Amino acid sequence: MKGNSTGYSMAIVGSTTLKGKELREVLVEKRFPVTKMRLLDHKEEGQLTEFDGEPKLVKKIEEDSFDGVDIAFFCGDPAETAKYLPWAEKKGFTAIDLSQTPLAKKDAPIVVVGVNEEKIIKNRGIIRNPHSITISLCTILHLLKRAFGIQYSVCTVFQPVSEYGEEGMDEFFNQTISVLNFKRAEGKIFTKQVAFNLIPRVKKPYAKRYIDYESILINEIRAVMGREFPPLTLSMIQAPIFHSHAISMFVVLHSEPTAEEVESQLKTCTALFHDPLSPTPVETAGSDIINLGRVRRDKQIDQGYWLWMVTDNLRWGCALNAVRIAEFLISSAKGRSI
C-alpha cells in the first residue's frame with residue numbers, strides 16, 4: 001500500500017447503494033486520509049453525487065478505474081462484486097468486500113476489528129467485511145468467551161428491510177400504504193407480505209437464486225471465532241422495520257457470574273452502550289454502537305443468560321467495521337497497531 005504523505009487513493013464500488021452512502025459518510029466523519037476518491041457503479045453511471053462536500057460524478061466500473069488505487073470498498077451486488085475482486089491482485093490494491101459474496105476468494109480473511117484483526121497483516125489482497133449480524137455477535141461472544149467461557153448459544157435475529165437495499169425499503173413502504181388503504185400488498189423482493197407481518201425464513205438473493213441467511217452467518221461466525229468455537233445456532237426473522245437489527249441471545253456459560261457481572265464485562269467494550277430500559281430499532285438507527293439491553297439470568301437453566309441487543313445494520317454493522325479494517329491496514333503498514 002503506497003499512499004503518500006497526505007493520504008490514500010480510494011474507490012467505492014456500489015457507491016450509490018445504501019451501504020455505499022453510509023460508507024461515504026463514515027469516511028468523512030472519521031476524517032480518513034483520502035487524497036483521491038473514485039465513486040463507481042455499473043447501474044448509476046453518470047449520476048452526480050458528492051464526497052466530503054465536493055461534487056463527484058459516478059463512473060463506470062472498468063479495470064482501469066483502479067489504476068493507482070490503494071484501497072477499494074465493494075458495496076454492490078454480490079454476483080457483480082465476484083467479477084471485480086480478482087482485479088485486486090492484478091492491480092495491486094486492497095479490496096474490502098462488504099457484499100458478502102459467497103464466491104469471494106476462499107482464503108480471504110473475514111475480519112471483525114476487535115476480535116481477529118491480526119488476520120489482516122498476512123492477507124492484504126481481499127479482506128471480507130462480514131454481515132452486520134456477524135460483527136455484532138462476534139463482538140459479544142468474544143467478550144463472554146474470554147471472561148466466562150461459553151458452552152453454547154442460541155440467537156434469534158430480527159432483520160430490517162434495508163438489508164435488501166432501496167428496493168426492499170420501497171416495497172415495504174408501498175405495501176404499508178396498500179394495506180392501510182385495504183388493497184393487496186404486492187411484492188417482488190420479499191417471499192411474503194412484509195408489511196404488518198413477520199416472515200420466519202430469510203433468504204439472500206444471489207445470481208437469480210436465494211441462499212439461506214442462517215447458513216451464511218454461521219459460516220462467517222465460525223471463520224471469525226475459529227472452528228473450535230462452542231456450538232452456536234441462530235434463526236432469522238424478517239421484521240416490518242426499516243433499519244436496525246434486533247437480536248435475542250440465550251447463552252450458557254461455563255461459570256456462574258451474576259447478571260451484573262456479565263453486564264460489567266460487556267461494558268468494557270467501548271463500542272457498546274448499556275441501556276437497561278431495553279433499546280429498540282427506532283432509537284438505535286444511526287448509532288455507532290451496540291445497544292445492549294437488560295441481561296437476565298435464566299431461572300430454569302443453570303449458567304444460562306438472556307441478552308437483548310440492537311444495532312444499526314448499515315452504520316455499525318457494515319460501514320464502521322470496513323473503515324476500521326482500512327485504518328488497521330494503514331497503521332499496520334506503518335509498523336504500529338491502532
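Computed from the coordinates by the stated procedures, all read-outs in this text should not be read as laboratory data. Remember, predicted model here, so these are calculated numbers, not experimental data. Cβ atoms come from the backbone with ideal geometry, glycine included; neighbour counts cover every protein chain shown.
Summary table
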item: Output for the stretch 289-303, where each listed residue is of a type in the set (V, I, T) and part of a loop (DSSP other than H, G, I, E, B); result: I289, V295, I301
item: Hits in the stretch 237-256 - residues which are in a strand (DSSP E or B) and either touching a Ser or Thr at 6+ places or on another chain (Cβ under 9 Å) or surrounded by fewer than 19 Cβ atoms within 10 Å (Cβ to Cβ) (or both); result: I237, Q238, H245, A246, I247, S248, M249, F250, V251, V252
item: Subset tally (residues that are surrounded by fewer than 16 Cβ atoms within 10 Å (Cβ to Cβ) and either closer than 15 Å to N174 by Cβ or of a type in the set (V, I, T) (or both)) for the stretch 193-202; result: 2
item: Strands (runs of 3 or more DSSP E) contained entirely in the stretch 125-236, each with at least 3 residues that are hydroxyl-bearing (S, T, Y); result: 150-159
item: Subset of the stretch 132-144 that is in contact with a strand residue (DSSP E or B) (Cβ under 9 Å, 6 or more places away or on another chain) and of a type outside the set (S, T, N, Q) - its residue that is surrounded by the most Cβ atoms within 10 Å (Cβ to Cβ); result: I135
item: Residue satisfying all of: in the stretch 224-246; touching a helix residue (DSSP H, G or I) at 6+ places or on another chain (Cβ under 9 Å) and aliphatic (A, V, I, L, M); farthest from D77 (Cα to Cα) among these; result: L232
item: Among (1) free of Cβ contacts under 8 Å to residues at least 60 places away in the same chain; (2) within 27 Å of I216 (Cα to Cα) - the single one S278 does not satisfy; result: (2)
item: Condition met for H243 (under 18 Å from T311 (Cβ atoms) and of a type outside the set (D, E, K, R)); result: yes
